[in-house]
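Peer 1: This is the structure I want to talk about, given as structure tokens.
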Amino acid sequence: MKTTRTILLAGVASLFATDAFAGAQCQVTQDGNTWNLMCAADESGEAGDEFQCDYMLSVTNDQGENDVLEATGSVSRGQSGIYIWSAIQDGGYDIVSASVQSGSCSQ
């Protein structure tokens with residue numbers, strides 16, 4: 001009986017883990033002095049499925065000023081390396097750092 005419960009719980013946990021990692025996600029990358037928010041979506045699901053991504057980015061310019069910017073875009077199943085935001089400057093000054101403050105992609 002105990003073994004059956006353990007197997008059942010492990011099976012349920014793996015279903016949630018798979019679901020948590022499925023879908024699309026974005027990350028900030030840097031290419032020289034250009035900052036990008038690049039997105040990718042896994043290949044599972046039906047062809048043509050598209051994810052709408054909405055992220056809030058924290059940026060700091062070379063004057064030490066912080067800002068929060070919104071980046072939105074879409075990515076289709078199986079796509080990777082999709083830019084939904086790219087910038088060199090904020091407020092007329094070069095961006096020296098950028099990171100994801102919050103956000104996600106949903107169908």
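Peer 1: How do 29-41, 61-73 rank on mean C-beta neighbours within 10 Å, highest first?
Peer 2: Sorting 29-41, 61-73 by mean packing, highest first, produces 29-41, 61-73.
Peer 1: Still on this structure, please answer the following. Give me the mean projected area, in nm² to one decimal, of the convex hull enclosing the Cα positions of segment 23-106.
Peer 2: 4.9 nm²
The numbers here are math on the coordinates, done by the rules we state, and not lab data. Treat the numbers as computed from the prediction; the structure is a model and nothing was measured. All Cβ positions, even for glycine, are placed from backbone atoms using ideal geometry, and neighbour counts span all protein chains on display.
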